[in-house]
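Working notes for the structure below.
The values are calculated or read from the model by the stated rules, or taken from the named source; none is laboratory data. Only a predicted model underlies this, so the values are computations on that prediction, with no experimental measurement involved. Quick reminder, even Gly has a Cβ in these numbers, built from the backbone with ideal geometry, and neighbours come from all protein chains shown. Just so you know, the surface numbers come from the protein's heavy atoms only, side chains and all, with ligands and any DNA or RNA stripped out. Shrake-Rupley method; radii C 1.70, N 1.55, O 1.52, S 1.80 Å.
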Amino acid sequence: MKSPLLSLPGAVPAEGVDEGVAAHYGDLFREQRALADGTGFVDLSHRGVVTVSGEDRLSWLHLLLTQHVSELPTGEATEALILSAHGHIEHALYLVDDGTTVWAHVEPGTQGALIQYLESMKFFYRVEVADRTADFAVVHLPAGSIAEVPEGVVVRQTPYGRDLFLPRERLEEFAEQAGPAAGILAYEALRVEHHRPRLGFETDHRTIPHELGWIGTAVHLQKGCYRGQETVARVQNLGKPPRRLVFLHLDGSEVHLPPNGTEIRLADDGPDGRKIGFITTSVRHHELGPVALALVKRNVPVDARLVAGDTAAAQEVVVAP
């Protein structure tokens, strides 16, 4: 779904999964600084929007999600995962309940499969699941923003800012008074800075929540009865995950960032060393320079010197080994 805000001056379209919104509006670092200072907004209107309404919505979702939501207070934001039977991450949902309806935004293009799964699990519960992507656009206001939210708009308040579920027909009007606009690359740079994983970037077909530090924020350990819970409990009580998320400071003298999927090796092993991980997201940060998130084998020493492709990298611990 192509955003009308791509007509704003300087807008450069994003590619890949974020196609449909602007990568940037002509000045990546200015846009990052604006978001870090609590000004401007980010157009996330390419993200999927799913709602669940009905009397049983919270108790029903509680049975399906990794998060404890049966008594979710009205207006309180949370996030949750849906796992496979083997505990691998399939969906990530960013939720808020407005008192009558649970609103969630999800990765672009994943709402169809999510709704198909939810519909298959309705049984006798009094719930209605709907794809509202065509009607509502997600807009992000950074932490500290004093931008006014239009009356009646559902808001998801987090430590990183506010996510608005804005009627699509009001997107251009909102942009006029909430500017300056920042592109998805600026938003991603701050996400990486805060070590926040993203489905499809930090995850692959075998990722489990412990590897990414999603325990606590998206997975509640004091509840059971959801698909994949056995794996979560087993890793929590008996073992360690096979991989761990790390934050990398990359060699700033390199012209090009190592793309997602770039193999990581121990620097001491040389160019023919074995693969011990891979880049998941790499960005240029306005203060930190080139940085990245990556998945590495759990037993990689935390002080080991790494190489991502041909780029030297120093690691910071995100998930403890």
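If we keep just the residues of segment 291-309 that are open to solvent by 20 Å² or more (accessible area, probe 1.4 Å) and in a strand (DSSP E or B), which is farthest from Thr207 (Cα to Cα)?
Residue satisfying both the conditions and the ranking: Val307.
State the number of residues belonging to segment 38-51 that are over 18 Å from Ala14 (Cβ atoms) and touching a Pro at 6+ places or on another chain (Cβ under 8 Å).
As a first pass, look at segment 38-51 and keep what is over 18 Å from Ala14 (Cβ atoms): 38-39, 49-51.
Pick out the ones that are also touching a Pro at 6+ places or on another chain (Cβ under 8 Å) and you get 38-39.
Residues in segment 38-51 being over 18 Å from Ala14 (Cβ atoms) and touching a Pro at 6+ places or on another chain (Cβ under 8 Å): 2 in total.
Sort through Leu58, Leu81 and tell me the only one that's open to solvent by less than 20 Å² (accessible area, probe 1.4 Å), within 20 Å of Arg156 (Cβ to Cβ) and either aliphatic (A, V, I, L, M) or assigned to a helix (DSSP H, G or I) (or both).
None of the others qualify; the one that does is Leu81.
Could you pull out the residue among Gly112, Gly87, Gly99 that is farther than 24 Å from Leu190 by Cα, modelled with pLDDT of 95 or more, open to solvent by 30 Å² or more (accessible area, probe 1.4 Å) and within 20 Å of the chain's Cα centre (by Cα)?
Just a single option satisfies the conditions, and that option is Gly112.
Can you work out which of the residues in segment 7-48 that are more than 22 Å from the chain's Cα centre (by Cα) and part of a helix (DSSP H, G or I) is farthest from Leu166 (Cα to Cα)?
The qualifying residue farthest from Leu166 (Cα to Cα) is Arg30.
I need the full set of residues from segment 1-47 which are surrounded by fewer than 20 Cβ atoms within 10 Å (Cβ to Cβ), under 16 Å from Leu190 (Cα atoms) and of a type in the set (D, E, K, R), in order please.
Asp27, Arg30, Arg33, Asp37
When the residues of segment 231-290 are narrowed to those that are small (Gly, Ala, Ser) and not in a loop (DSSP other than H, G, I, E, B), which ends up nearest to Leu212 (Cα to Cα)?
Looking at the filtered set, the residue picked out is Gly277.
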